[in-house]
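The values are calculated or read from the model by the stated rules, or taken from the named source; none is laboratory data. What you see is a predicted model, and the numbers here were worked out from it, not measured in a lab. Ideal geometry is used to build each Cβ from the backbone, glycine not excepted, and the neighbour counts take in all protein chains shown.
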Amino acid sequence: MSKTRDPNLPDLDYIRELAKVFQRHELDELEIETGDQRILLRRSDTPAPVIASAPMIAAAPAVAPAPMPVVVAPTTQAAAPEAPRPEPEPEGDFITSPFVGTFYRSARPDTPAFVEVGQRVEAGTTVCLVEAMKLFNEIEAETACVIEEILVDNASAVEFGTRLFRVRKP
């Protein structure tokens, strides 16, 4: 009885090799995209999933005792738990991230946040930093506004277009 491999799944040996490279070079993040598959390895204090955008995700063993990614392998559609319902999107005006990177509320951990909820800011005021490729980019308010809500936790990963702040124009 021969086992046939699903061509939509990433090759397990390939994932193992990526994990070795990830650890050997002490990378914080590694993303590989080929065709319709995407593999993302990200180091964090808590294990994070490895994401492959294919119908299913192959399981890969941990390579080292250091915090390493975890691979989630869903079974069948019938056995998969019901997906959580998305929370309704907040309404209003927003300051969004122009980059993929890491969101920071202050310049350093020991300094106050650039802005707080309820604070009025003028156009051009720095409201946060987004670190992208080891560069800290100041994100500024485009117009005068009041910070209504901070939508992202400090030191969280953000994507292009992620809503960072809900604001109200005076």
For the stretch 107-118, which positions are surrounded by 14 or more Cβ atoms within 10 Å (Cβ to Cβ) and at pLDDT 95 or above?
113, 114, 115
Check on residue 130, buried (at least 18 other Cβ atoms within 10 Å of the Cβ) and at pLDDT 60 or above:
yes
Any chance the stretch 117-127 includes a residue that's at negative phi, of a type in the set (Lys, Arg) and out of contact with any Phe, Trp or Tyr (no Cβ under 9 Å at 6 or more places or on another chain)?
yes
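State yes or no: is residue 93 at pLDDT below 95, surrounded by 11 or more Cβ atoms within 10 Å (Cβ to Cβ) and of a type in the set (D, E, K, R)? Spell out the reasoning first.
Details: at pLDDT below 95: yes; surrounded by 11 or more Cβ atoms within 10 Å (Cβ to Cβ): yes; of a type in the set (D, E, K, R): yes.
Considered against the rule, which asks whether it is at pLDDT below 95, surrounded by 11 or more Cβ atoms within 10 Å (Cβ to Cβ) and of a type in the set (D, E, K, R), residue 93 comes out as yes.
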When residues of the stretch 144-169 are limited to those that are closer than 13 Å to residue 92 by Cβ and out of contact with any Phe, Trp or Tyr (no Cβ under 8 Å at 6 or more places or on another chain), the one modelled with the lowest pLDDT
169
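Need a quick list: strands (runs of 3 or more DSSP E) entirely within the stretch 109-170 having at least 3 residues that are farther than 24 Å from residue 42 by Cβ, touching a residue at least 12 places away in the same chain (Cβ under 8 Å) and hydrophobic (A, V, I, L, M, F, W, C). Give the derivation first.
Values: elements: 126-132, 135-140, 145-150, 163-168.
By residue number, 145-150.
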